Amino acid sequence: MSGRGLPRVHRRRLALILVLLAVYAVVWIKDRFSAAPAGSGDAAVEAAFESQTSGRMLEVEAVVERLLDDDLEGSRHQRLIVRLDSGSTLLVSHNIDLAPRVPAAVGDRLEVRGQYEWNEQGGLLHWTHHDPAGRRPGGWIRHRGKTFD
């Protein structure tokens with residue numbers, strides 16, 4: 001040992017481990033937050049629900065079934081229950097501190113791009129807005145030709 005800390009062989013191993021971790025992190029981030037959605041439509045939601053997968057960006061078309069009270073804890077979120085053509089339902093949690101409120105009514109058809117999170121009730125879509133830090137692709141809600149993001 002030269003008195004400068006770790007022996008050279010250990011420094012090289014540590015450097016290799018750090019490089020491998022960095023490559024893994026880049027691949028993981030690219031996969032998790034890719035600009036292209038992990039899937040779209042009812043089949044993508046059904047697959048995510050069946051596999052209990054969370055964290056994937058999905059795009060769906062659905063009809064507003066119920067308007068819920070806003071979630072006012074922390075960031076404010078507009079909450080809607082939507083029904084897919086397959087009959088499945090999803091909770092949409094739309095951050096109204098970062099994006100405009102969607103003027104949706106029961107029976108309105110929406111297109112939604114958001115991050116799917118699994119739960120026993122069918123799951124939820126959130127992150128339906130832009131990323132204020134610009135580090136990852138955001139989502140949106142389209143209602144009557146207007147995009148809310």
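Quickly work out the LYS146-to-SER75 label distance, labels modelled 7 Å from Cα along the C-beta direction, and quote it in nm with one decimal.
Inter-label distance under the simple model: 2.1 nm.
How long is the gain from ARG101 to ARG13 if the chain were fully straight, where each residue apart is worth 0.36 nm and the alpha carbon distance is subtracted? Can you show the working numbers first?
Working: separation 88, 0.36 × 88 = 31.68 nm, distance 5.21 nm.
Taking 0.36 nm per residue and subtracting the Cα distance, the gain is 26.5 nm.
I need PHE49, PHE148 ordered by Cβ neighbour count within 10 Å, fewest first. Mind showing how you got there, number by number?
Details: PHE49 18, PHE148 21.
Neighbour counts put them in this order, fewest first: PHE49, PHE148.
Sorted from largest to smallest, which semi-axis lengths in Å does the alpha carbon gyration tensor of the range 41-95 give for its equivalent ellipsoid, taking the root of 5 times each eigenvalue?
On the way: eigenvalues 92, 41, 13 Å².
That gives 21, 14, 8 Å for the three semi-axes.
For ILE141, ILE81, what's the fewest-to-most ordering of other Cβ within 10 Å of each Cβ?
Working: ILE141 26, ILE81 18.
Listing ILE141, ILE81 from fewest to most nearby Cβ atoms yields ILE81, ILE141.
Pull out the extension gain between ASP108 and GLU46, defined as 0.36 nm times the separation in residues minus the alpha carbon to alpha carbon distance; nm, one decimal.
Details: separation 62, 0.36 × 62 = 22.32 nm, distance 2.19 nm.
Taking ASP108 through GLU46 to full extension adds about 20.1 nm, to one decimal.
Taken together, the values in this text are just the output of simple stated rules run on the coordinates, not laboratory data. What you see is a predicted model, and the numbers here were worked out from it, not measured in a lab. Using ideal geometry, Cβ is built from the backbone for each residue, glycine included, and neighbour counts are taken over all protein chains shown.
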